[in-house]
Every structure is written in structure tokens, then in C-alpha cells.
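Okay, so here's the structure we're looking at.
What follows is calculated from the coordinates using simple rules that are stated; it is not laboratory data. These numbers were taken from a predicted model, which means no experiment stands behind them. Here the Cβ positions follow ideal geometry from the backbone for every residue, glycine too, while neighbour counts run over all protein chains shown.
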Amino acid sequence: MLPLSGNSSPEHHPRKLKSYELFGRKNSFNSLLQQFHHQQSRLWLLLTILCLQILLLFIIRFLSLPLPLPLPPAISSAANRLHRFPSAAVSPASTDGDHCKNGRIFVYDLPTAFNEDIVENCDSLNPWSSSCSAMVNGGFGQRADSLAGVIPENLLASWYWTDQFVTEIIFHNRIMKHKCRVKEPESATAFYVPFYAGLAVGKFLWTASSAEDRDHHCRMILRWLSDQEYYKKSNGWDHFITMGRITWDFRRSSDEDWGSRCIYLPGMRNITRLLIERNPWDYFDVGVPYPTGFHPSSQDDMSAWQDFVRTRSRTHLFCFAGAKRAAFRNDFRGILLDQCRNSTAEKCRVVDCAGSRCSNGTSAILESFLNSDFCLQPRGDSFTRRSIFDCMVAGAIPVFFWRRTAYYQYEWFLPGKPESYSVFIDRNAVKNGTASIEAVLEKFSREEVREMRDRVIESIPKFVYGTGAVRDAFDVAVDGVLRRFKEQEEWGYKWK
């Protein structure tokens, strides 16, 4: 899960001329007309009229071009350069009458080589151990019975040891039962491709595999899609896919680099991609939450969990769960571990993840989040990490050091005002010793902490994956995609 160089550049979209630009051009021609009138030249007047007609045609052409998708308020000046997309705000569950007002979904029945066969070969999905236990229970993994005593007994059935790379299975299972799914492609406005791209490439990432091996499944699916009537009709603009790894695992620039070339292959360009980490400069990447271990099966379970974490007595100001990266010079995680261990009166709870202490099947991380007001969230091997969502589902307030860790990733799922649910600390100030994490966090009053925690807790339904009985991250993602496709049609926001 290493970040790659060679990020794609921002797309340049045609823009509507601003009013002052239009008036400026008209004023220039008014001055020109006055000059021509002064010269009393019939020839020049005819030429002026001709030029004015050309200008009007030029203006009309620009006014008729599609508007770019709206940008929400920028978090910083750098945000203006990032691709954003329409908000998919959570609303109460829709009635059957208007549930599909943004469109209906057709799910391709792919050859089993693209999904079922991959799961059946779960013993070989990574070079170290079998992944079969992660595939059970619809991708939720094994039940987390060992959490007994850590969480309320009545909620134990909603907790699993869920792997972070199983969103493809979760989305596939849920979309097959979606209310807006149709079996006739001619009545669909969106087309889902249930290809397990992340699971397919995962087995090749850590071995001496060839570029051909890493690209094999993706080339096959794009060849298969290229023969499908509705894919050819839209050139992929109304198609979407879940790719259960970070975007950089699919953006290999040269054969010697990390990962697959899937996103760069012909045919993938216009397909909307749901990934656990997106490239903020690529419009077609949509960041969706990493799976956590909490999968509520009813609204009662969701409400009970929110009440539990809201009323939890927390014994530590902040916590950090992670391991040093010995290969990195001035490793930032090591700095955080040192600050945590050196906090006064043991205000920081540390979970050193060296070895297997933080692997699935242990409760140390969840306990540390449940017992802390804040949780430190540096970047992982890439800019994001699953721990962001593990932390927030426990009702702890995340502390970020890179804006790309969350603010530029999960805009459909997290509150629009970062300061309402999180704290941002300049990592360089931490590195050079001018900022003490403990001192920064102690400045927040108990009331401010309570308000931020409430904002985190009320957002939990938007970033967890349930069984379908609760409006959750899956619903937010699918509704967002359908709204995006509808607005693309209304605005004519496409290229050929």
C-alpha cells in the first residue's frame, strides 16, 4: 500500500464566461463603434456589424457549454485545485415512491472469473496467510466474540473482525438487494460492475510478479465491457465500480513501479470508481470509508451504540495506536509515540502496534479509542488509514496532521466543517518542537470536546456498513453516484 508518483493532473473543464468579462468585451466594441461612427465609413460600419455578430455567436457558444460541477467552500487555498463533487447529504429513509427519483441500477452478471472465483481462491489472495476468514459473512469476516466485556453484550452480534480490503464484497452483496436495482438494462440509469479489482491484484502486489500478471484481470474486464451495448452507448459515463484498495494500487506509471495500471488502461477513464482512498485530482475517484468492525443490523443497534459511546467515561486525553516505520528517516509515527509516552500524568494511552498486537482478533485498539477523548491519526502507508474510522466509531475525536488523510477524501460521509468534528495540527510544528500535542488538546474546554464528540457520533451511520436495515455508508455512496449521473445528464457534463 505504497503511494506512487505520477498522480494524474487536474482535468481542465470549459468555464462559463464571467459577467464582467462579457461586459468588458461589449464595452470594447462600443468604443469601436463610436470610432466608426465618427469616421462616417459605410464599409467600416458593415465590418463592425459583422464582427459584432461573430462576437455574439462566440458568447452564445460559451453560454451553452456545460457548467463544471460546483465546488464546496475550500478548506484551504489548495482545495481549489482539487476535484470535488455534489454533496450526498444523509436524509431520512425515502419511501418506495420517491426512493429511486435519481435513477435505477443494473448490475452486470459477470463471468465468475471476475468475482466468485477470486473469493473461492481465498487461500492464495496474499502470500502470508489465508484470507478465507475475511470473506465470510458477506465480507464482514468472523464474529468478534472476544469483544465480550469490552462492549455491551446486546451489541456483540453487530461486531466482526472485518478486513480493510473487502468493500468490493460488501457493495456487491448489498447492491444485489438494492431497492433501485432493475433486471432490464434498458430501464437503468446507472450500471454497476461487480469486479473484485482489489482482491484480484492483491495477490500480486507483494511478490515478484510481472506487469502482465498485475494487469491481467483488469484488461480482461475492460475487454468484456467493451462488447456490452450499454457501455458502448455511454462510453462508461454511467458505469461505476468498487475497487477495494487505495487508488495508488491501480496507478502504475511504468512496468517497474508498484501496483496495477488498471485506472490508466483504455476503457476505464470515464467509469466512476469507489475507493477507500482516492486521488483528489481525479474526478472519477470517489473516496468511501474503510470498513470498521461495527455492522448494525437495526436502527435499535445503531442508537444503542451511539448512546454507549456518548455516555462512555473516558480516562485519557488522547491516544495513539501505531508502529514506528524504521525504514523512514525522521519517522513521524515515532515522534507521536514519543510524545504520547512523555505526556504528563499519563494523559495519553499508547498502543504500540509492533508485531501482531493490532491485528484482527485483538481488542487493544478499540479499548484505547473508547477510553480517550482524542485519537492521533497520522497518514498510514498512504495518506489515509482505516484507524480514522475505527477511532470515530468509538466516539473519539480524530486529530489529523495531513489534510489529505480525511478532508479531501470522504466529503460525502464526514461533516462539511472539519473543525466541527476534528482537530488539525501542523505536522511540521510537531516535528520541530514548536507544538506540543498535549498542550494543543488541553486548550479545548469540556464543552467544546462534548460538541465535537456529538458531531462524530451523529455521523457514525454515514461511515459504517450495516446489513441494510440502517441507512449507512453504502446508501450514501450509491445515492451520491446516482445523483452525480443525473446531474451529468442534466448539465451535459461529458466528453466523447
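Please work out how much length the chain gains when fully extended from residue 346 to residue 136, using 0.36 nm per residue of separation minus the C-alpha to C-alpha distance, in nm with one decimal. Provide the component values of the computation, followed by the final result.
Values: separation 210, 0.36 × 210 = 75.60 nm, distance 3.97 nm.
The residue 346-residue 136 span can extend by a further 71.6 nm.
Tell me whether the stretch 274-376 comes out rounded, prolate or oblate; compute the Cα gyration tensor, take square roots of the eigenvalues as a ≥ b ≥ c, and use a/c under 1.5 as the rounded threshold.
Details: a/c = 1.97, a/b = 1.09, b/c = 1.80.
Oblate, because a/c is 1.5 or more while a/b does not exceed b/c.
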Q: Given the peptides 446-455, 335-344, arrange them by the average over their residues of other C-beta atoms within 10 Å, most packed first.
A: 335-344, 446-455
Q: Evaluate the distance, in nm, between pseudo-label points positioned 7 Å from the Cα of residue 338 and of residue 419 along their respective Cα→Cβ axes.
A: 3.1 nm
Q. If packing is taken as the mean number of other Cβ atoms within 10 Å per residue, what is the order of 203-215, 280-292, highest first?
A. 280-292, 203-215
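Of 233/462; 101/494; 417/486; 177/232, which sit over 30 Å apart, Cα to Cα? Numbers along the way, then the final one.
Details: 233/462 33 Å; 101/494 22 Å; 417/486 26 Å; 177/232 26 Å.
The answer is 233/462.
Would you mind calculating the gained length between residue 445 and residue 183 on full extension (0.36 nm times residue separation, minus the Cα-Cα distance), in nm to one decimal? Provide the component values of the computation, followed by the final result.
On the way: separation 262, 0.36 × 262 = 94.32 nm, distance 5.46 nm.
Gain on stretching residue 445 to residue 183: 88.9 nm.
Using a cut-off of 10 Å between beta-carbons, work out the net charge of the residues near residue 331 (Lys and Arg +1, Asp and Glu -1, residue 331 not included). Don't skip to the end; give the middle numbers.
Working: positive: 324, 325, 329, 333; negative: none.
Summing Lys and Arg as +1 and Asp and Glu as -1 gives +4.
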Q: Once you have a ≥ b ≥ c as the square roots of the Cα gyration tensor eigenvalues for the stretch 418-496, tell me rounded if a/c is under 1.5, and otherwise prolate or oblate according to whether a/b is larger than b/c.
A: oblate
Q: For residue 219 and residue 120, calculate 0.36 nm times their separation in residues minus their Cα-Cα distance, and state this gained length in nm to one decimal.
A: 33.5 nm
